[in-house]
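Notes for the one structure printed next.
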Amino acid sequence: MTRATCVALDASDELAELRAEFTLDENEIYLDGNSLGPVSTAVRARVNAVLDDEWARGLVRGWGAGWMAEPTRIGDRIAPLIGARHGEVVVADTLTLLLAKLVGGALDLRPDRHVVLTDVANFHSDLYIIEEVCARAGRPITVRAIDRDRLDDELNDDVALVELTHVDFRTGEMLDLKGITKKVHDVGALMLWDFAHSAGAVPLDVTDAQVDFAAGCGYKYLNGGPGAPAFMYVHPQWQGTLRNPLPGWLGHARPFDFELTYEPAAGMQAFVTSTPSIIALAALDGALDVFERTTMDQIRSKSLALTDLFIELVDDRLPGVFKLVTPHDHGRRASHVALAHPEGYGIVRALIARGVVGDFRAPDICRFGFAPLYLRYVDVFDAVQRIVDVMTSESYRDPQFAVRSAVT
Ligand SMILES: *Cc1c(COP(=O)(O)O)cnc(C)c1O
């Protein structure tokens, strides 16, 4: 594989023209879109329209002119990316809070059961919020954070809910959405999926997999901006039954009747608690435009081609240097690649200094995200060249790269 071959692959890439929508530094290779996606032209346009027209001119009239419906309207735009239908997705809060709503609500649907299962390798925020919501459930609930490979042994008729992150944030391993959901249903439990590292990166079909609940981030592969609102999905079977455990006036059937008793609005609106953050929603709305110019299948095939290329080049040019933590098997690989190395922290810092932005995940993982909307094959080639430079020069040993910053 030569650089010229990569240039040729870019020339025939059907997604190539989408890169021009994003603001990217041409001297830098951005492999961290799995943590924070870049800004696009449509985001700027949409945010500016809110600032200059809707807010500046409309002022408070904006609420009557469409702002109230933004959480469900934008939810409907995300729905096709996860295989959901109209009216099944809403955008609100951030992911941890939406997980709290879904876990709290789900426990009510299985009142005779006492166990919630999750993954010991899960993202820490998921574990914190699940633990706390279950502790306040009003009945004894045991949360078991298990080795997910032992799920079969842990499933039984006392399990109310299983919460798993579909793509492991460290390793990039993708779980079997449909197979696991089915196993969970077979014991009468409910399934909640965290799509933080899946939405916008891999094709998802919540309808086909019969998923009960799901939630994901707006700021990772969806490129909705730092702290963008998150989205949540509820299967139609549970709509109208699933209670929002954090109710607020915006989820009321008649918010402007100022009634003293909460009565949930119909549909996904019931999961909105507070006044929606309209500027943040506008950024997310703009970010979704680019997804209408492609399909998740096109994104997926380029994603696999990019990660294959990266793995092959690293293997070829730095044999035995890193341990590949991400599965080789396409069926189990999402859109980021994790390379373990004892000097991982210094390596990531040295790479950032050389214009390859990835990130470090303790204890030893160098994580590289491959977002097909704006990355080129040649970026992968050049990134690996810079990794080779850092490893052969041992520049990662420079003391300036050893001091841990608060954000990695
Ligand atoms: C990024 C991420 C989150 C982040 O949650 P926020 O509440 O939006 O900050 C949660 N769970 C997983 C698995 C993540 O990767």
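The values are calculated or read from the model by the stated rules, or taken from the named source; none is laboratory data. These numbers were taken from a predicted model, which means no experiment stands behind them. Glycine gets a Cβ as well: all are built from the backbone with ideal geometry, and neighbour counts include every protein chain shown. Areas reflect the complete protein model, heavy atoms only, side chains present, ligands, DNA and RNA absent. Shrake-Rupley method; radii C 1.70, N 1.55, O 1.52, S 1.80 Å.
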**Asked** If Gly369 passes every condition in (1) modelled with pLDDT of 95 or more; (2) touching a helix residue (DSSP H, G or I) at 6+ places or on another chain (Cβ under 9 Å) but one, which one does it miss?
**Response** (2)
**Message:** Quick check on segment 269-285. Is at least one of its residues within 30 Å of Pro38 (Cα to Cα), touching a Lys or Arg at 6+ places or on another chain (Cβ under 6 Å) and small (Gly, Ala, Ser)?
**Reply:** yes
**Prompt:** Does at least one position in segment 51-65 carry a residue that is assigned to a loop (DSSP other than H, G, I, E, B), touching a residue at least 40 places away in the same chain (Cβ under 8 Å) and more than 17 Å from Glu292 (Cβ to Cβ)?
**Reply:** no
**Subset of segment 229-249 (residues that are without any contact (Cβ under 8 Å) to a residue 60 or more places away in the chain and either part of a loop (DSSP other than H, G, I, E, B) or over 25 Å from the mean Cα position of the chain (by Cα) (or both))** = Gly240, Pro247, Gly248, Trp249
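Name the strands (runs of 3 or more DSSP E) wholly within segment 289-408 that hold at least 3 residues that are within 20 Å of Asn34 (Cα to Cα) and open to solvent by less than 10 Å² (accessible area, probe 1.4 Å)? First the steps, then the outcome.
Working: elements: 336-340, 359-361, 365-369.
By residue number, 336-340, 365-369.
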**Prompt:** Taking segment 6-40 only, how many residues are touching a residue at least 24 places away in the same chain (Cβ under 8 Å) and part of a helix (DSSP H, G or I)?
**Reply:** 8
**Residue count for segment 355-375, restricted to those that are of a type outside the set (Asp, Glu) and free of Cβ contacts under 8 Å to residues at least 40 places away in the same chain** = 1
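Taking segment 87-98, which residues are away from the ligand (no atom under 13 Å from the Cβ) and either open to solvent by less than 10 Å² (accessible area, probe 1.4 Å) or touching a Phe, Trp or Tyr at 6+ places or on another chain (Cβ under 7 Å) (or both)? Steps first, please.
Step one: list which residues in segment 87-98 are away from the ligand (no atom under 13 Å from the Cβ), which gives 87-90.
Hits for segment 87-98 are Glu88, Val89, Val90.
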**Item:** Selected residue (criterion: nearest to Gly369 (Cα to Cα)) from residues of segment 142-184 that are polar (S, T, N, Q) and open to solvent by 10 Å² or more (accessible area, probe 1.4 Å)
**Value:** Thr171
**Asked** Regarding Thr207, is this residue out of contact with any strand residue (DSSP E or B) (no Cβ under 9 Å at 6 or more places or on another chain), open to solvent by 10 Å² or more (accessible area, probe 1.4 Å) and of a type in the set (Val, Ile, Thr)?
**Response** yes
**Message:** Can you say whether Gly62 is in contact with a Leu (Cβ under 6 Å, 6 or more places away or on another chain) and at pLDDT 95 or above, as far as the supplied structure shows?
**Reply:** no
**Request:** Please enumerate the residues belonging to segment 227-251 that are among the aromatic types (Phe, Trp, Tyr) and buried (at least 24 other Cβ atoms within 10 Å of the Cβ).
**Result:** Phe231, Tyr233
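Rundown of residues vs (1) away from the ligand (no atom under 16 Å from the Cβ); (2) in contact with a Phe, Trp or Tyr (Cβ under 7 Å, 6 or more places away or on another chain); (3) among the charged types (D, E, K, R); (4) outside the structural domain of Tyr221 (by TED's automatic domain parsing), yes/no style:
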position	(1), (2), (3), (4)
Thr41	yes, no, no, yes
Trp55	yes, no, no, no
Arg85	yes, no, yes, no
Ala100	no, no, no, no
Asp108	yes, no, yes, no
Pro111	yes, no, no, no
Val115	yes, no, no, no
**Request:** Kindly list the number of the only condition in (1) outside any helix (DSSP H, G or I); (2) touching a Pro at 6+ places or on another chain (Cβ under 9 Å) that fails for Val103.
**Result:** (1)
**Item:** Tabulated pairs, segment 328-351, first more than 17 Å from Val314 (Cα to Cα), second in a strand (DSSP E or B) and modelled with pLDDT of 95 or more, C-beta under 6 angstrom, 6+ apart or interchain
**Value:** Arg332/Glu173; Arg332/Met174; Ala334/Val167; Ala334/Met174; Tyr345/Phe360
